[in-house]
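I have placed the structure first, in the form of structure tokens, so that the comments after it can refer back to it.
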Amino acid sequence: MEAFTTHTGRVVPLRRSNVDTDQIIPAHWLKKVTRDGFEDGLFDAWRKDPEFVLNEPARQGATVLVAGADFGTGSSREHAVWALQNYGFKAVISPRFADIFRGNSLKNGLLTVMLPQETVERLWELTEADPTAEVTVDLVDRQVRAEGITADFDIDDNARWRLLEGLDDISLTLEHETDIAEYEARRPPYRPRTLPR
Amino acid sequence: MARTMAEKIWDDHVVRRAEGEPDLLFIDLHLLHEVTCPQAFDGLRKAGRRVRRTDLTIATEDHNTPTIDIDKPIADPVSRIQLETLRKNCAEFGVRLHPLGDIEQGVVHVIGPQLGLTQPGMTVVCGDSHTSTHGAFGALAFGIGTSQVEHVLATQTLPMSPFRTMAVTVEGELPPGVTAKDLILAVIARIGTGGGQGHVIEYRGPAIEKLSMEARMTVCNMSIEAGARAGMIAPDETTFAYLKDRPHAPKGADWDAAVAEWRTLRSDDATFDREVVIDASTLSPFVTWGTNPGQGAPLSGSVPDPAAFADPADRMAAEKALEYMGLTAGQPLREIAVDTVFLGSCTNGRIEDLRAAAAVLRGRSVADGVRMLVVPGSVRVALQAVEEGLDKVFTAAGAEWRHAGCSMCLGMNPDQLAPGERAASTSNRNFEGRQGKGGRTHLVSPQVAATTAVLGHLASPADLSEFPVTAGA
């Protein structure tokens, strides 16, 4: 996984709440069996509208998405995270994220930052008025900074450490193989198995 | 210390606990379908890893599978490749697979319980958000992403950060004709799509205890639509009776030992982080009018006026929803005409759901200009329905009797809405374009779906003359 420390970039202000993962990447894109090539499917339906914010020439190359509450609800599809990353996003800011989406983002090094609704509103106003305005998302200092805005954010220490180091969770877990084997030995014998013994 | 059921199951599955780290939890059952695992198997291959516990893993094909002409090659080459990839991966890594055409094939959340693989006290995961369904058995069951699928395949564990607990207590009794689907839609409308965020919901109270296993699965299934990590219901005699003699249920002395453990799972007199109380007797058939599952109202009501929402974000969401749905504020919900009715999905594709819809359709016809698709949740459900003659009831009424799969719930196969088409659907998500680009979805119960098919507009059995209304199922 790619490490995340700090990132500065332009913003796509997405004034919508409840952006579900079907909107981020619709189901017909999920037939692909790779982790890349999803950029053209990002917000597939909304992008058909030339007025959609992602289509504005001034938003090309923007890397920070600022959205309304309950971003990433619905389906567990990790393809939603891949689509955002394939398109070029490094961080998403919202007042609240769906749990599975947030977990998936963490596994892929896409930083999700929770900020209060009023801070999100200020970021929208700033970046709608000036598409060239840059926002810095600083994981080291747990802070979002833009012109006239400084906002601290919470993230748990362990998640932050894994992002900063770009760690592979499976390797970390396999260091505790003995613990897993010990647990397996003490499981109740009546738990079901999918294969004959 | 008094613990909730979710906390007990969590504690029982901790493989490793260390200060400042997420707990490492053991996973008892890992379900796979073709959509969310190809990249996970690729990851294993690249790292030279194997599947640690093939005996705790099972796969099926459901999202891409066609519901007609299943003996012919799958027309969409991309869907075909995804299914072939699953078959290849399962063969290579030694995972049990029930492919299209197999008697145990079906929607992943229908086949787990049906085989008796889902049992109380277990941890169950799947790369699918509706894994919460399995919580109906008193299991801790949650949806995961593809990176986590790979993690479970490689280690049979998951590092998990702690959750908060929420009790949804449903007092009283559901009125006749009010179903589990109406109940859960009303709960989601009450707490919102983000209301359960970070929480495991335990549904409890007299109205929940009276529900059948099928109805409990419908309730737990849609926990994710309230943003919850998982939903669960304490196991009781109803649970044990459902499980007994299922293919993978414990037998003999093992059964007794298992039931003894299952009886200890019920929450102690513990404090939940949040509690919501619902009076079942106030509920009535419930439908959605908007583009997220929290945007619902009693069928007897009207499309709300966005201006009536106090919260600006809710107001904006309602405005966008009405525009997409082609509805106007104040329009009675009963006057909304539909083109399509979909009966099926992991929410309402089980035998009881088919029986409830068939009871409405028996001796009646699907209205002119309305297409009704009946898609059983699994091959076993289909066989049971045929044995009871339900397929004949559906076809005699003019509905299409299809093969098992996810079908129009998300339209990954050819079963989709055309742009602008409107559906009454027993599935779980009314998101924009979910059932087909530009399609409009109203989430409903099987009873409302069947009545809507007959009358051509959103309606419940009470709108039919001479319909015997039975107690809530």
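The values are calculated or read from the model by the stated rules, or taken from the named source; none is laboratory data. Note that the structure is a prediction, hence the values are computed from the model and not measured. So basically every Cβ, Gly included, is an ideal-geometry build from the backbone, and we count neighbours across all protein chains shown. Protein only, heavy atoms only, side chains kept; ligands, DNA and RNA dropped before computing areas. Shrake-Rupley method; radii C 1.70, N 1.55, O 1.52, S 1.80 Å.
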> How large is the accessible surface per residue of segment B:295-463, computed with a 1.4 Å probe and reported in Å² as a whole number?
Replying inline: 33
> Put a dot 7 Å past each Cα toward the Cβ at residue A:167 and residue B:269; how far apart are the dots in nm?
Replying inline: 4.2
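Using only DSSP helix segments of four residues or longer, with each worth -39500 (n - 2.57), what per-residue ellipticity at 222 nm results for chain A after dividing by its residue count and rounding to 500? Kindly include the intermediate steps, with their values, before the conclusion.
On the way: 8 runs with 64 residues, N = 197.
Mean residue ellipticity at 222 nm (helix-derived): -8500 deg cm²/dmol.
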>> Exceeding 21 Å between C-alpha atoms, which entries from my cross-link table qualify? They are A:31/B:181; A:32/B:437; B:320/B:437; A:31/B:437.
In response: A:31/B:181
>> As an exercise, identify the trypsin sites (Lys or Arg not before Pro) in segment B:231-267 lying in DSSP coil whose Cβ has no more than 12 other Cβ atoms within 10 Å.
In response: B:251
> If you place +1 on the Cβ of every Lys and Arg and -1 on the Cβ of every Asp and Glu, how big does the dipole about the Cα centre of the protein assembly as shown come out, in debye to the nearest 20?
Replying inline: 1300
> Between chains B and A, what is the buried accessible area in Å², counting both sides, with a 1.4 Å probe and ligands, DNA and RNA left out, to the nearest 100?
Replying inline: 5700
> In square angstrom, rounded to the nearest 10, how much accessible surface does residue B:25 have for a 1.4 Å probe?
Replying inline: 0
> Among B:85, A:148, B:193, whose Cα lies farthest out toward the positive end of the dipole of the protein assembly as shown, if unit charges sit on the beta carbon of Lys, Arg (+1) and Asp, Glu (-1)?
Replying inline: B:85
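Distances longer than 41 Å among the Cα atoms of chain B: what percent of all pairs is that?
Numbers: 15637 of 111628 pairs.
The answer is 14 percent, as a whole percent.
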> By DSSP, what percent of the beta bridges with both residues in segment B:295-463 are antiparallel, rounded to the nearest 5?
Replying inline: 15
> Distance from the Cα centre of segment B:403-435 to that of segment A:169-188, in angstrom?
Replying inline: 41
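Which percentage, to the nearest 5, of the DSSP beta bridges contained in chain B is antiparallel? Present the calculation step by step, with values, prior to reporting the outcome.
Working: 13 of 55 bridges.
The answer is about 25 percent antiparallel.
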>> As an exercise, take the mean of 1/r over every pair of distinct alpha carbons in segment B:211-250, invert it, and state the Kirkwood radius in angstroms.
In response: 11.3
>> Counting only Cα atoms, I'd like the Rg/Rh figure for segment A:146-197, Kirkwood definition for Rh.
In response: 1.30
> If the convex hull of the alpha-carbon atoms of segment A:6-186 is projected onto planes in all directions, what is the mean projected area in square nanometres?
Replying inline: 11.7
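Report in % the part of the accessible area of chain B that belongs to carbon and sulfur, leaving out ligands and nucleic acids; probe 1.4 Å.
Working: 7810 of 15290 Å².
Ligands and nucleic acids excluded, carbon and sulfur give 51 percent.
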> For A:1, B:372, B:1, what's the largest-to-smallest order of accessible area, 1.4 Å probe?
Replying inline: B:1, A:1, B:372
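So if the hydrodynamic radius of segment B:5-274 is defined as the Kirkwood radius over C-alpha pairs, what does Stokes-Einstein give as its diffusion coefficient at 4 °C and 1.567 mPa s, in µm² per second? Mind dumping the intermediate values first?
Working: Rh = 19.3 Å.
In µm²/s, the coefficient is 67.
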> So how far apart, in nm, are the two label points at residue B:309 and residue A:60 if each is 7 Å from Cα heading toward Cβ?
Replying inline: 3.4
>> Just to be sure I understand the curve: with the Debye formula and one point per C-alpha of segment A:42-108, what is log10 I(q)/I(0) at q = 0.14, 0.20, 0.26 Å⁻¹?
In response: -0.42, -0.87, -1.34
>> So if a site counts as exposed when it's one of the GluC sites (Glu not before Pro), its DSSP state isn't H, G, I, E or B, and it has at most 10 other Cβ atoms within 10 Å, what's the longest stretch of chain B without one?
In response: B:20-465
>> I'd like the orientation of helix A:117-129 relative to chain A: the angle between its Cα long axis and the longest Cα principal axis, in ° from 0 to 90, rounded to 10.
In response: 50
> In Å, what Rg and Dmax follow from the Cα atoms of segment B:295-463?
Replying inline: 15.9, 53
>> Which residues belonging to segment A:1-45 lose at least 30 Å² of 1.4 Å-probe accessible area when the assembly is complete, relative to their chain isolated?
In response: A:15, A:16, A:17, A:18, A:20, A:22, A:23, A:27, A:30, A:31, A:33, A:35
>> Nearest 500 deg cm²/dmol is fine: what mean residue ellipticity at 222 nm does chain B get from its DSSP H runs of n ≥ 4 alone, each adding -39,500 (n - 2.57), divided by its residue count?
In response: -9000 deg cm²/dmol
> Taking +1 at the Cβ of each Lys and Arg and -1 at the Cβ of each Asp and Glu, which of A:110, A:6, A:28 sits farthest along the dipole of segment A:6-186 towards its positive end, judged by Cα position relative to the Cα centre?
Replying inline: A:28
> Using the Cβ atoms and a cut-off under 15 Å, what net charge is assigned to the surroundings of residue B:333, where Lys and Arg are +1 and Asp and Glu are -1?
Replying inline: -1
> Which longest uninterrupted range of chain A lacks any GluC sites (Glu not before Pro) assigned by DSSP to a loop state (not H, G, I, E or B) and surrounded by at most 11 other Cβ atoms within 10 Å?
Replying inline: A:52-146
> Using alpha carbons only, what's the Rg to Rh ratio of the protein assembly as shown with Rh from Kirkwood?
Replying inline: 0.95
> In chain B, with Lys and Arg counted as +1 and Asp and Glu as -1 at Cβ, which of these residues, B:255, B:73, B:224, has the Cα nearest the positive end of the dipole, that is, farthest along it?
Replying inline: B:73
>> Take residue A:186 and residue B:284, extend 7 Å from each Cα along the Cα→Cβ direction, and tell me the distance between the two endpoints in nm.
In response: 5.5
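I'd like the Kirkwood hydrodynamic radius of segment B:385-429, using the inverse of the mean 1/r over distinct C-alpha pairs, in Å. Could you put the intermediate results ahead of the total?
Working: mean 1/r = 0.0815 Å⁻¹.
Final number for the Kirkwood radius of segment B:385-429 is 12.3 Å.
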> What's the center-to-center distance, using Cα atoms, between segment A:130-147 and segment B:298-312 in Å?
Replying inline: 37
> Can you give me the pair-distance distribution of segment B:87-163, C-alpha pairs, 10 Å bins, whole percents?
Replying inline: 17, 46, 33, 4, 0
>> Not counting ligands, DNA or RNA, and with a 1.4 Å probe, what is residue B:381's accessible surface area in Å² rounded to the nearest 10?
In response: 10
>> Using only the alpha carbons of segment B:157-219, what is the convex hull's orientation-averaged projected area in square nanometres?
In response: 5.3
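Return one whole number: the accessible area per residue of segment A:6-186 in Å², for a 1.4 Å probe. Before the final figure, lay out each step's value.
Values: 6930 Å² over 181 residues.
Solvent-accessible surface per residue comes out at 38 Å².
Among B:181, B:210, what's the order by accessible area (1.4 angstrom probe), most exposed first? Walk me through the numbers before you get to the answer.
Numbers: B:181 5, B:210 140 Å².
Listed by decreasing accessible area, they come as B:210, B:181.
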> Residues of segment B:25-52 losing 50 Å² or more of accessible area relative to the isolated chain, 1.4 Å probe, heavy atoms only?
Replying inline: B:26, B:39, B:49, B:52
> Any idea what the dipole of segment A:6-186 comes to, in debye rounded to 20, about its Cα centre with Lys/Arg Cβ at +1 and Asp/Glu Cβ at -1?
Replying inline: 520
